[in-house]
Amino acid sequence: MKESKFLSLDSLSFQEFDENSELIPLMTPEDEEQINNEELPATLPILPLRNTVLFPGVVIPITAGRDKSIKLINDSNKGSKVIGVVSQKDGSIEDPDGKDIYKTGTVARILRVLKMPDGNTTIIIQGKKRFEVDQVITEEPYITATVKDVAEAKPAEDNEEFSAIIESIKDLALQIIKDSPNIPTEATFAIKNIESNSFLVNFVSSNMNLSVEEKQKLLEINDLKERALATLKYMNVEFQKLELKNDIQSKVQSDMNQQQREYFLHQQMKTIQEELGGVSYDEEIDEMKLRSKSKKWDEKVDTHFQKEVMKLQRMNPQVAEYSIQRNYLDLFLELPWNEFSKDKFDLKRAKRILDRDHYGLDDVKRRIIEYLAVLKLRNDMKSPILCLYGPPGVGKTSLGKSVAEALGREYVRMSLGGLRDEAEIRGHRKTYIGAMPGRILQSLKKAGTSNPVFVLDEIDKLSNSNQGDPSSAMLEVLDPEQNGDFHDNFLEMGYDLSKVMFIATANSLSTIQPALLDRMEIIDVTGYTIEEKVEIAKRHLLPKQLKEHGLTDKDLKIAKPQLEKIVEGYTRESGVRGLEKQLAKMVRYAAKNIAMEEPYNMKVSHEDVLEVLGSPRMERDKYENNNVAGVVTGLAWTRVGGDILFIESILSKGKGTLTITGNLGTVMKESATIAMEYIKSNAQEFGIDPDVFEKYNVHIHVPEGATPKDGPSAGVTMLTSLVSLFTQRKVKNNLAMTGEITLRGKVLPVGGIKEKILAAKRARIKEILLCEDNRRDIEEIKPEYLKGLTFHYVTDMSDVLKEALTDQKVKNAKTL
């Protein structure tokens, strides 16, 4: 029974105390008979009630806030004070009409009207008799309807079964009042003093803790005996709940410690949250269990998940570990266990996509097509670990997107540059506050599949710290034999990464851990030739910049000659990032003129290039140096691709000391020393007076002194420079060279040949001198890259000098 209702019964359902302090029921059997004999009005104004049901004989307060309700009350209070009270089917409806209210209601009499301070109107009404709405006449300014009487079937006075039911209702009501500490004891006198059986049933029904629908069903029962029996059933349920509650309280009250007290308060808070429309913790757990049924994980994972869910159920939601455990289970549900996207095995389509997005890079494209072909035939091949190695700006990272589109897989990118915490890869142990899984699993969760194309960007820039070694943590990720059961510290279970296609990118292999390097298949992504850069600018870079600046190809056109001038005069790189920046300047120039409505050339000329970009910065004089003894062009490899460098040497009066400048590393200085000593030991063969070495100091310099330089490949260049200096002989025009030397006079092969060849071609060099063992590197390069170049292969230093030096003396040759 509703405890709060009982608290106000003394002032609402019963009259004031008499002289003997006994409650006198408001409705006696005589009153009930008189009301039943009263003639029902033909029409009644209808007052809809939101959250309660009025029973005959019961007095209740009603607070009216709606304009229609207030108008109805004011009009009725001035007249007969008789209204029809009917409950709404849906209490949330603000302006109910005839179809929103129940058909059965109660005739009520307004006892008192009170104006409240908040502007609402409170009325105290007493139910009289039941009626049924026949037809709604009007809905404005309030509902009025024709009504008809509803007869109530009463059992005979000597009906023993009905009398037993009434006695049971009284006894059960008294027991509920007794066992409920919040119901005042005066309610006991009220129950005992009710004389009318019908009023007793209505009084108890009105104050029970039932929903509006349940109370309405009771009101609609015409047979009093059936209504009394239904009321008794509801009372039994309420009494059992009360007994269970009291039993639980008696058990826990004796030794309730602090944790139990917090749990009890939490349960109350949960109930409040549910009343306010929030989601309870139990509902969250039920939702997790429901979601787990749709996962494709195996029995081992399912068993572990169910175990962890039970652990969550036993936790107090107020402790910090609860949120960690919930995040842990959320990760389990969000990871794509055995969820795979279907690969597209149309190799011709894949090739078209790769050719569309990337000009050149034939080796990489061929390797991807080979992978697709094998996967199509076997359909269970473990994904390879590809490492795209090359200078910046050549399209290594963007290649991953094209591969993902060609395969029909999701694309995921993870930047490893500067990563120094091992937990970023393997995750934190979930015993720590704020623990999270590693970025590998987080990325798979976002991808939604277990076989995406996963780009590990800048893998050569992983670093170590006191938080561990991320490079070592990557060993398991990038090992096809181990990553089928990758262990994340947060997940605490193995996860299958074998279907993920990992593509790593790197600018340098020297900084990658050898064990990690061994697990990857290295694919060399070299720089572009001038012709390739022009094509890339025309197909990709210029349209991209026009779109980003709000222009179209009709607003600006740059022909191939102008693109070639930009490439040659303003960029010197293996990639195309610098070229894209120069094209952006040209596009911004056009955008500015369009915005300011100033004239400009839509077809860019050479003069426009000079006006916008300024004088060419990269057109350095490289081929007039053969008139100066001791100046030779060398080829070098850098992290941004190939480049040319100059070796300069000069003699001055002195005691034969050797000075080396130009920010050179140890290996490069040793190459200069080796070259000098080899010349001294073979001076007569070269036609050099040995006394020169004691009378003159030698200074070797490599320009661009601010740039660090190191490596053995400048050995032949330094040797040629020194012999040219001592003999005052010219070096061949348009010649560049690279190679390592030994004290025995041998020339050894060096690396980075393709990058060096591209650098030589950018510099308009015609002849290149290489070690014989580097011939195989040249044979692997496309013939179009070698067009216009002549190669001289040597095995020892004497061959170098025969090919590099002419018999012609330089102008104003010194006499040594």
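The values are calculated or read from the model by the stated rules, or taken from the named source; none is laboratory data. Only a predicted model underlies this, so the values are computations on that prediction, with no experimental measurement involved. Virtual Cβ from ideal backbone geometry, glycine too; neighbours counted across all protein chains shown.
Checked across the range 106-114, the condition of being under 23 Å from N202 (Cβ atoms) and modelled with pLDDT under 85 holds for no residue. Candidates in the range 293-311 are the residues that are in contact with an Asp or Glu (Cβ under 9 Å, 6 or more places away or on another chain) and either in the same structural domain as S450 (by the TED database) or modelled with pLDDT under 85 (or both); of these, the one that is farthest from L329 (Cα to Cα) is K296. Look at the range 778-805: where a residue is assigned by the TED database to the domain that holds T717 and under 17 Å from N733 (Cβ atoms) and a partner is assigned to a loop (DSSP other than H, G, I, E, B) and not small (G, A, S), sitting 6+ places away or on another chain with Cβ atoms under 7 Å, you get G788/K766; L789/K766; T790/K766; A804/K732.
Yes or no, residue by residue, for (1) in contact (Cβ under 8 Å) with a residue 60 or more places away in the chain; (2) of a type in the set (D, E); (3) assigned to a helix (DSSP H, G or I):
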site	(1), (2), (3)
D689	yes, yes, no
N697	no, no, no
I700	no, no, no
T707	no, no, no
G711	yes, no, no
L743	yes, no, no
V747	no, no, no
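Of all residues in the range 767-798, exactly one satisfies the criterion of being surrounded by 17 or more Cβ atoms within 10 Å (Cβ to Cβ), among the charged types (D, E, K, R) and modelled with pLDDT of 90 or more, namely E767. Looking only at residues in the range 606-618 that are exposed (fewer than 14 other Cβ atoms within 10 Å of the Cβ) and either among the basic types (K, R) or in a loop (DSSP other than H, G, I, E, B) (or both), the one that is modelled with the lowest pLDDT is R617. Restricting V85, V107, V136, V59 to residues that are touching a helix residue (DSSP H, G or I) at 6+ places or on another chain (Cβ under 8 Å), under 26 Å from E213 (Cβ atoms) and surrounded by 20 or more Cβ atoms within 10 Å (Cβ to Cβ) narrows the list to V59. Taking the listed residues G527, G550, the one that is on the phi > 0 side of the Ramachandran plot and part of a loop (DSSP other than H, G, I, E, B) is G550, with no other qualifying. I522 - would you say it is at pLDDT 85 or above, of a type in the set (V, I, T) and surrounded by fewer than 19 Cβ atoms within 10 Å (Cβ to Cβ)? It is true that I522 is at pLDDT 85 or above, of a type in the set (V, I, T) and surrounded by fewer than 19 Cβ atoms within 10 Å (Cβ to Cβ).
When E422, E405 are checked against the criterion of being among the acidic types (D, E) and over 30 Å from Q325 (Cβ atoms), a single residue qualifies: E405.
Assessment of the range 37-45 against the conditions (of a type in the set (A, V, I, L, M), modelled with pLDDT of 50 or more and assigned to a strand (DSSP E or B)) yields at least one matching residue.
Among the residues making up the range 516-533, a single one is within 34 Å of the chain's Cα centre (by Cα), over 24 Å from S498 (Cα atoms) and of a type in the set (A, V, I, L, M): V525. Answer with yes or no whether R366 is in contact (Cβ under 8 Å) with a residue 24 or more places away in the chain and part of a helix (DSSP H, G or I). Here the answer is no, as R366 does not meet what is asked. Looking at the range 186-233, which of its residues are of a type in the set (A, V, I, L, M, F, W, C), more than 16 Å from L174 (Cα to Cα) and assigned to a loop (DSSP other than H, G, I, E, B)? Correct list: L210, I221. Look at K499 and say whether it is in contact (Cβ under 8 Å) with a residue 24 or more places away in the chain and either in the same structural domain as K300 (by the TED database) or under 24 Å from the mean Cα position of the chain (by Cα) (or both). Yes. Residues considered: E458, E424, E410, E476. Of these, the only one that is at positive phi and among the charged types (D, E, K, R) is E458. Is it the case that the range 211-231 has a residue that's among the β-branched types (V, I, T) and within 52 Å of the chain's Cα centre (by Cα)? Within the range 211-231 (the criterion being among the β-branched types (V, I, T) and within 52 Å of the chain's Cα centre (by Cα)), the answer is yes, since at least one residue qualifies.
Rundown of residues vs (1) farther than 30 Å from L312 by Cβ; (2) modelled with pLDDT of 85 or more; (3) in contact with a helix residue (DSSP H, G or I) (Cβ under 7 Å, 6 or more places away or on another chain); (4) outside the structural domain of R539 (by the TED database), yes/no style:
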| site | (1), (2), (3), (4) |
| --- | --- |
| K376 | yes, no, no, yes |
| Y389 | yes, yes, no, yes |
| L399 | yes, yes, yes, yes |
| G408 | yes, yes, no, yes |
| E424 | no, yes, yes, yes |
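Does V279 satisfy the criteria of being modelled with pLDDT under 85 and either loosely packed, with under 15 Cβ neighbours inside 10 Å or not aromatic (F, W, Y) (or both)? Judged against the criteria, V279 is a match.
This table checks each residue for (1) buried (at least 22 other Cβ atoms within 10 Å of the Cβ); (2) in a helix (DSSP H, G or I); (3) touching a Ser or Thr at 6+ places or on another chain (Cβ under 6 Å); (4) in the same structural domain as D298 (by the TED database).
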position	(1), (2), (3), (4)
L491	no, no, no, no
E535	no, yes, no, no
P543	no, yes, no, no
P561	no, yes, no, no
S574	yes, no, no, no
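Considering only residues of the range 474-488 that are among the acidic types (D, E) and in a helix (DSSP H, G or I), which is farthest from W337 (Cα to Cα)? Looking at residues that are among the acidic types (D, E) and in a helix (DSSP H, G or I), I get E476. Filtered by the rule that a residue be in a helix (DSSP H, G or I) and β-branched (V, I, T), the range 284-327 gives I285, V301, T303, V309, I324.
Of the residues in the range 379-399, at least one is over 30 Å from I512 (Cα atoms) and surrounded by fewer than 19 Cβ atoms within 10 Å (Cβ to Cβ).
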